[in-house]
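Enquirer: Here you go, one structure.
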Amino acid sequence: MAVRTAAPLAALALAGTLLAGCAPSTSGGGPQKDEKSGTLRVWLFREVGNGPKERVVDGVVRSFEKRHKGVRVDVRYIPVDSRAEKIKGAFNDPSSAPDVIEYGNTDTAGYVENGGLADVSAEFADWPQARDVDPTAKTSVTVGGKVYGAPLFVGVRALYYRTDVFRELDVEVPRTLGEVADAARRIRQERPGMYGLAVGGAYTYGAMPFIWAHGGQLAVKKKDGTYTSAVGSADAKRGIAAYTGLFGDDNCPAAKCARMGGNENVEAFAAGKAGMVVAGDFNRQAVDDGEVKGDYDVVPLPGRKRGSIAPAFAGGNNVGVLKSSSHRTLAVALMKDLAGKDTQRRLFDAMGFLPTFTDTRRQAAKKEPFVEPFVETLDAGTEFVPATPGWAEIDAGQVLPTMFQQIAGKKRGVDAAADEAARKMDEAFAE
């Protein structure tokens with residue numbers, strides 16, 4: 001995932017927003033036929049360096065076609081940055097739509113709302129491998145208690161730190177979030193040209209663990225299935241204060257860092273300009289391509305208490321079947337093959353994609369020690385964004401980054417900024 005499609009989650013969510021204004025023809029129900037031969041059309045995301053992914057997928061397709069006589073699978077790789085209009089067109093014109101599609105896991109609710117994805121709850125429940133899918137990954141394909149796809153891979157963040165800097169300054173590896181802040185300020189004091197911990201006002205998914213670790217939530221699901229914002233709660237505000245407290249001359253100056261996003265944070269660490277950074281398993285290649293190769297290590301981002309791990313956001317992609325497919329049975333079977341354990345093992349070997357199956361992920365960690373901190377983080381329990389189309393509007397509208405930036409720039413206090421963000425979130429949830 002060299003900043004794979006799991007990383008630009010705001011952009012993925014924006015795709016859902018772009019689709020939201022249109023009532024697609026598929027929303028009235030799927031086709032009446034379920035053909036058992038012909039061509040299955042598949043759209044997958046084109047990765048940076050897509051060759052290894054294509055080779056894995058080609059193997060899956062050859063095996064599938066061999067088992068299903070009279071069936072041909074046509075796989076197309078669509079650009080991530082122009083997929084919004086393409087997917088919008090597919091939802092509105094079943095004749096040009098694929099049968100199987102890869103999509104970002106924050107898009108699920110929006111695509112379901114727009115009538116694009118087929119409910120595969122029964123087939124998922126009957127799939128033996130589904131028993132080993134981790135709970136958060138299953139949540140990412142679930143809307144209103146129904147399943148609309150299969151998780152393909154997961155991406156999660158942990159704490160990268162400079163082993164040489166920690167050794168030279170005699171700084172211990174942090175075991176609590178408080179110790180992370182202390183270590184960051186010590187590094188900044190001893191190395192004034194370096195950020196202690198790179199943070200970003202636009203780095204939503206790096207800030208969320210601080211909120212969750214303090215017992216806060218982004219939103220709460222009500223009995224009627226709708227959501228209400230929770231960023232204005234006391235626990236959430238403590239987490240927000242802990243994160244925004246890291247902006248300043250004693251760690252990461254707000255004048256520069258308030259504008260930074262996740263990519264800028266990783267770039268700063270890779271360039272040797274930060275002692276620590278919260279970054280994903282998918283950022284490894286970017287770091288190794290920088291100045292710090294061989295001089296860093298990774299541990300789970302600690303929680304408030306020693307021995308705890310801060311909950312991380314579980315990003316990633318899913319594979320689903322379009323409601324408009326006239327090959328539903330075949331499409332569901334191919335979805336299972338593309339997202340199954342064997343394929344996820346191969347994708348890990350080829351691309352570094354972390355499997356969504358707990359047993360397959362443990363096998364990956366034994367094979368590649370680098371991923372162990374990320375697997376530990378996943379096993380400790382991750383969090384996800386609210387499964388509602390309103391999240392796409394919140395994410396695209398930069399509601400949380402605006403809150404962090406206002407606090408970091410001292411334009412508003414934590415209470416006022418969090419309460420305003422909560423109000424804007426509730427407006428989006430109500431639409």
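Enquirer: Please find, within segment 377-417, the residue that is nearest to residue 302 (Cα to Cα) out of those that are among the acidic types (Asp, Glu) and assigned to a helix (DSSP H, G or I).
Expert: Per the criteria, the residue is 379.
Enquirer: What tally of residues in segment 383-398 results from selecting those that are touching a helix residue (DSSP H, G or I) at 6+ places or on another chain (Cβ under 6 Å) and open to solvent by less than 20 Å² (accessible area, probe 1.4 Å)? Before you say what the answer is, go through the steps one by one.
Expert: Step one: filter segment 383-398 for residues touching a helix residue (DSSP H, G or I) at 6+ places or on another chain (Cβ under 6 Å), giving 383-385, 387-390, 392-396.
Filter once more, so that each one left must be open to solvent by less than 20 Å² (accessible area, probe 1.4 Å): 385, 390, 392, 394-395.
Selection size over segment 383-398: 5.
Enquirer: Still on this structure: Residue check: is residue 292 in contact (Cβ under 8 Å) with a residue 60 or more places away in the chain, farther than 20 Å from residue 204 by Cα and open to solvent by less than 10 Å² (accessible area, probe 1.4 Å)? Quick ask: steps written out before the conclusion?
Expert: Working: in contact (Cβ under 8 Å) with a residue 60 or more places away in the chain: yes; farther than 20 Å from residue 204 by Cα: yes; open to solvent by less than 10 Å² (accessible area, probe 1.4 Å): yes.
When the stated conditions are applied, residue 292 passes them.
Enquirer: Turning to a different aspect of this structure: If we keep just the residues of segment 251-285 that are open to solvent by 40 Å² or more (accessible area, probe 1.4 Å) and of a type outside the set (S, T, N, Q), which is nearest to residue 153 (Cα to Cα)?
Expert: Among residues in segment 251-285 that are open to solvent by 40 Å² or more (accessible area, probe 1.4 Å) and of a type outside the set (S, T, N, Q), the one nearest to residue 153 (Cα to Cα) is 284.
Enquirer: Which residue, of 420, 376, is open to solvent by 20 Å² or more (accessible area, probe 1.4 Å), of a type in the set (Asp, Glu), in the same structural domain as residue 307 (by TED's automatic domain parsing) and more than 18 Å from residue 107 (Cα to Cα)?
Expert: Exactly one residue qualifies, and that residue is 420.
Enquirer: Sort out for me the helices (runs of 4 or more DSSP H) sitting completely within segment 146-223 that have 3 or more residues that are of a type in the set (A, V, I, L, M, F, W, C), free of Cβ contacts under 8 Å to residues at least 40 places away in the same chain and open to solvent by 40 Å² or more (accessible area, probe 1.4 Å).
Expert: Output list is empty.
Enquirer: Let me ask another. Please go through segment 295-347 and give me each residue that is under 16 Å from residue 63 (Cβ atoms), charged (D, E, K, R) and either at pLDDT below 95 or open to solvent by 40 Å² or more (accessible area, probe 1.4 Å) (or both), ordered by number.
Expert: 336, 337, 342, 345, 346 - these are the residues of segment 295-347 that are under 16 Å from residue 63 (Cβ atoms), charged (D, E, K, R) and either at pLDDT below 95 or open to solvent by 40 Å² or more (accessible area, probe 1.4 Å) (or both).
Enquirer: Might you check whether a residue that is under 26 Å from the mean Cα position of the chain (by Cα), assigned to a strand (DSSP E or B) and assigned by TED's automatic domain parsing to the domain that holds residue 124 occurs anywhere in segment 136-145? Let's see the steps before the verdict.
Expert: Narrowing segment 136-145 to residues under 26 Å from the mean Cα position of the chain (by Cα): 136-145.
Those left that are additionally assigned to a strand (DSSP E or B): 142-143.
Among the residues that remain, those that are also assigned by TED's automatic domain parsing to the domain that holds residue 124 are: 142-143.
Yes, segment 136-145 contains a residue that is under 26 Å from the mean Cα position of the chain (by Cα), assigned to a strand (DSSP E or B) and assigned by TED's automatic domain parsing to the domain that holds residue 124.
Enquirer: From the residues in segment 101-138 that are polar (S, T, N, Q) and closer than 22 Å to residue 378 by Cα, which one is surrounded by the fewest Cβ atoms within 10 Å (Cβ to Cβ)? Quick ask: steps written out before the conclusion?
Expert: Keep residues of segment 101-138 that are polar (S, T, N, Q), which gives 105-106, 108, 114, 121, 129, 136.
Next cut, closer than 22 Å to residue 378 by Cα only: 105-106, 108, 129, 136.
Numbers: 105: 28, 106: 28, 108: 27, 129: 17, 136: 22.
The residue in question is 129.
The values are calculated or read from the model by the stated rules, or taken from the named source; none is laboratory data. Nothing here was measured: the structure is a model prediction, and the numbers come from that model. For neighbour counting, all protein chains shown are included, and Cβ atoms are generated from backbone atoms with ideal geometry for every residue, glycine included. The accessibility values were calculated without ligands, DNA or RNA, using every heavy atom of the protein model including side chains. Shrake-Rupley method; radii C 1.70, N 1.55, O 1.52, S 1.80 Å.
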